[in-house]
């Protein structure tokens, strides 16, 4: 029997599971399975450090009794376990508090297919020996960069997964995806001080993964460039967030426009729908249909139809991110952004997000700003969800007259996001590296706390 046939056979019990839940007293039910197989290899100093293989198949079942709901999950998919799950989850739902917004997604919002071909699955597989070899090559290239003192390890992996959702009101959808990763971390040393640097990439198809030499060289270069950092005095100056970290400045926006946050009234953007939140000319696009995209999907985790949306169009906030429950609470319709695990009710998340680029590359942004801080790493961000006040620890480079002057560390940047976003200038260096992508972003007049 082929792998596809085995998967289909193993998942056919979902219809029986939903039927059993209805027979046991549920008014509605949905069942999901998540299947995954993965192989990853880690090396350090050219020697094999670890090999991990994963093969899992997990089940989730959510039921509704009136407006009461409960969910359970399991990794034992035997018939006996499934019977116990049905009995237990229905009993739990009968004792749960009522939720006036609980229920399956409305039928008229479901994706009835046919699903788009998104090219998310590559059947290629590399053996443990092949993964070890490419991880070791990546590490060796990084270690060969002048100034690199030691390795924190290289790794390579490949994985494949499949998700299937079956509901009692007629939805049955599945899709599969693959992922191939390669990365390395190293430590560079100068005058007894050490700085970390690294590089990693993940793609849907093996052929899209950058060459080991490119990843290794970039890791070494980034580590060496950070050596000898200085502390700077507290000041107010232009700050540029490199495209690799710029999404961390934008990520609070997604939480602030999530339906659950809006329904609770706990968002600093709750009164901003239809208003400017980014500069005119700038848009934030969510595209679930990007070919080979890491966040691509033919339907959301409630089976609702998805579509490309401009969450922000020409600077104006156009929509909330809604699952069925938050949409019902707000008197709206789901936007196809439900996101869930195997147990518990869905939350919300974006798909493939990107901010539209501007006209100036990174060098151009630094030239426009003249003097300021270029942020290349960020840690410990803090956000007041009600006001938008935000701060983060950062490191990077001080630049003068548009040119890198020296690395800096132990710096904090802070401001109110509504005010910062209104003055944002996107660069032209947009790269699609993950499910959320942004060009470098320039902000003028940012508070910088240094020594």
Could you run through the range 178-196 and say how many residues are out of contact with any strand residue (DSSP E or B) (no Cβ under 6 Å at 6 or more places or on another chain) and either crowded, with 17+ Cβ neighbours inside 10 Å or at pLDDT 95 or above (or both)?
0
Among the residues of the range 37-52, is there at least one that is crowded, with 16+ Cβ neighbours inside 10 Å, within 25 Å of residue 303 (Cα to Cα) and modelled with pLDDT under 95?
no
Mind telling me which of the residues 344, 350 ends up being within 20 Å of the chain's Cα centre (by Cα) and on the phi > 0 side of the Ramachandran plot?
344
If you go through the range 155-178 one residue at a time, do you hit one that is farther than 27 Å from residue 60 by Cβ, in contact (Cβ under 8 Å) with a residue 24 or more places away in the chain, in a strand (DSSP E or B) and not assigned by TED's automatic domain parsing to the domain that holds residue 65?
yes
Does residue 427 satisfy the criteria of being under 26 Å from the mean Cα position of the chain (by Cα), at pLDDT 95 or above, crowded, with 16+ Cβ neighbours inside 10 Å and more than 30 Å from residue 290 (Cβ to Cβ)?
no
Would it be correct to say that residue 204 is assigned by TED's automatic domain parsing to the domain that holds residue 161, farther than 30 Å from residue 372 by Cα and buried (at least 20 other Cβ atoms within 10 Å of the Cβ)?
yes
Which listed residue is assigned to a helix (DSSP H, G or I), in contact with a helix residue (DSSP H, G or I) (Cβ under 9 Å, 6 or more places away or on another chain), touching a residue at least 12 places away in the same chain (Cβ under 8 Å) and closer than 27 Å to residue 24 by Cα, from 72, 86, 63:
86
For residue 106, are the conditions met, namely being surrounded by fewer than 16 Cβ atoms within 10 Å (Cβ to Cβ), free of Cβ contacts under 8 Å to residues at least 60 places away in the same chain and touching a strand residue (DSSP E or B) at 6+ places or on another chain (Cβ under 9 Å)?
no
Would you say residue 227 is assigned to a strand (DSSP E or B), touching a residue at least 12 places away in the same chain (Cβ under 8 Å), at negative phi and surrounded by fewer than 20 Cβ atoms within 10 Å (Cβ to Cβ)?
no
Which ones in the range 411-424 are surrounded by fewer than 20 Cβ atoms within 10 Å (Cβ to Cβ) and in a loop (DSSP other than H, G, I, E, B)?
423
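Conditions tested, residue by residue: (1) surrounded by 14 or more Cβ atoms within 10 Å (Cβ to Cβ); (2) assigned to a helix (DSSP H, G or I); (3) assigned by TED's automatic domain parsing to the domain that holds residue 214.
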| site | (1), (2), (3) |
| --- | --- |
| 114 | no, no, no |
| 118 | yes, no, no |
| 123 | no, no, no |
| 137 | yes, yes, yes |
| 141 | yes, yes, yes |
| 149 | yes, no, yes |
Considering each of 66, 113 in turn, give the residue that is over 28 Å from the mean Cα position of the chain (by Cα) and on the phi > 0 side of the Ramachandran plot.
66
For the range 358-367, indicate whether the set of residues that are at pLDDT below 95 and more than 20 Å from residue 437 (Cα to Cα) is non-empty.
no
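The values are calculated or read from the model by the stated rules, or taken from the named source; none is laboratory data. None of these values were measured; they are calculated from a predicted model. We place every Cβ from the backbone using ideal geometry, glycine too, and count neighbours over all the protein chains shown.
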